[in-house]
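Undergrad: To start, I am sharing the structure in question, which I have written as structure tokens.
The values are calculated or read from the model by the stated rules, or taken from the named source; none is laboratory data. Just so we're clear, the structure is a prediction, and the values are computed from it rather than from any experiment. A quick note on method: Cβ atoms are made from the backbone with ideal geometry, for glycine too, and the neighbour counts reach across all protein chains shown.
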Amino acid sequence: MNHASRSSVPVILTLGGFDPSAGAGVLADLKTFAAHNCYGVAAITALTIQNTQGVTSVRPLPPASVKESLAALLADANLTAIKIGMLGNRANAEVAEEILSSTPSLPSVLDPVHRSTSGMDLLDEEGFTFLRERLLRRATVITPNLAEAAELTGLAVENVEGMKRAALRLVEMGARAAVITGGHLEKPTEVCFDGTEMRTFVGDRMKPDNTHGTGCTFAAAVAANLALGRQLVDAVMLAKAYITEAIRKAYAVGSGRLPLDHLYRMHESPRLVDYSPPVPERVP
């Protein structure tokens with residue numbers, strides 16, 4: 001079989017939960033990867049019962065099943081990046097650590113999902129402790145929201161200055177880089193600290209109800225841009241631009257928080273867009 005035409009397509013693994021309303025979790029990740037001209041594969045850690053109004057039940061899958069899924073994918077796909085989202089419990093958090101430990105050269109994004117917006121636990125307390133003490137140091141970058149950053153660091157994270165302190169603390173705790181997402185601030189803001197430089201990205205607030213799956217989608221967009229060869233700061237900047245437009249064009253689906261239009265680019269007029277990795281400058 002001739003696979004030459006497909007060899008340059010980045011393949012990204014997402015490890016996370018299944019949202020039947022398709023606005024968050026691995027379904028959101030796969031759509032986001034596709035929007036960036038990447039191919040997504042997925043291993044599911046938990047089944048959720050939810051819709052746009054909220055999560056009513058979480059059912060983690062056995063870690064042995066998750067391991068088998070990962071083993072099958074690793075044996076077949078030439079992965080370019082990894083994105084980790086909802087884990088459900090400590091056992092599956094340990095599986096996530098194993099996959100990151102076995103693929104240290106791949107860029108990886110850890111979205112430390114703890115609770116849903118409706119208040120349902122998406123990771124048990126033992127799992128969250130494991131994530132804080134062990135898993136966060138394995139990923140290329142961790143992308144907590146304000147509440148998750150506060151829980152991870154023990155700091156008050158309510159404004160941009162708090163976000164900067166939390167990003168610094170996360171790196172002190174062992175994270176290689178941290179991006180704190182502040183989509184609920186008056187001006188949606190992301191703070192990125194790579195261990196050396198602190199960067200702030202500010203956007204405009206729009207359609208605050210169009211936010212089902214924003215955390216998953218942002219982290220997946222960062223992973224896609226890393227898979228395409230971009231540096232972290234550029235990956236964050238491009239992910240923010242992508243999610244802003246996906247929020248603007250969210251679908252009128254359900255009676256709760258609307259899911260994003262992850263594939264909005266398909267509805268736009270055809271245009272030439274180059275999603276290939278940047279070519280390094282030749283040094284004389």
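Undergrad: Can you find a residue that is buried (at least 24 other Cβ atoms within 10 Å of the Cβ), at pLDDT 95 or above and aliphatic (A, V, I, L, M) anywhere in the stretch 195-204?
TA: For the stretch 195-204, residues buried (at least 24 other Cβ atoms within 10 Å of the Cβ), at pLDDT 95 or above and aliphatic (A, V, I, L, M): absent.
Undergrad: Separate question: Just to be sure, is A156 in contact with a strand residue (DSSP E or B) (Cβ under 9 Å, 6 or more places away or on another chain) and at pLDDT 95 or above?
TA: Spelling it out, it is not the case that A156 is in contact with a strand residue (DSSP E or B) (Cβ under 9 Å, 6 or more places away or on another chain) and at pLDDT 95 or above.
Undergrad: In the stretch 29-85, how many residues are of a type in the set (V, I, T) and either touching a Lys or Arg at 6+ places or on another chain (Cβ under 8 Å) or farther than 27 Å from G229 by Cα (or both)?
TA: Count: 8.
Undergrad: Next question, about the same structure. Taking the residues in the stretch 79-111 that are without any contact (Cβ under 8 Å) to a residue 60 or more places away in the chain and of a type in the set (D, E) as candidates, determine which candidate is surrounded by the fewest Cβ atoms within 10 Å (Cβ to Cβ).
TA: E98
Undergrad: Determine which single condition D76 fails, assuming it passes every other condition in (1) surrounded by fewer than 17 Cβ atoms within 10 Å (Cβ to Cβ); (2) in contact (Cβ under 8 Å) with a residue 12 or more places away in the chain; (3) not small (G, A, S).
TA: The one condition D76 does not meet is (2).
Undergrad: Sticking with this structure for a sec: Would you be able to say whether some residue in the stretch 134-150 is touching a residue at least 24 places away in the same chain (Cβ under 8 Å), on the phi > 0 side of the Ramachandran plot and small (G, A, S)?
TA: no
Undergrad: Within the stretch 73-114, which residues are in a loop (DSSP other than H, G, I, E, B) and either touching an Asp or Glu at 6+ places or on another chain (Cβ under 6 Å) or not hydrophobic (A, V, I, L, M, F, W, C) (or both)?
TA: Across the stretch 73-114, the qualifying residues are D76, N78, T80, G85, N89, T103, P104, S105, P107, D111, P112, H114.
Undergrad: Output the qualifying pairs, or none if there are none: Cβ atoms under 9 angstrom, residues six or more apart or on different chains, first residue in the stretch 12-34 and free of Cβ contacts under 8 Å to residues at least 12 places away in the same chain and closer than 22 Å to D76 by Cβ, second residue of a type in the set (A, V, I, L, M) and in a strand (DSSP E or B).
TA: L27/A42
Undergrad: For the stretch 1-44, how many residues meet the condition of being at pLDDT 95 or above and assigned to a loop (DSSP other than H, G, I, E, B)?
TA: 4
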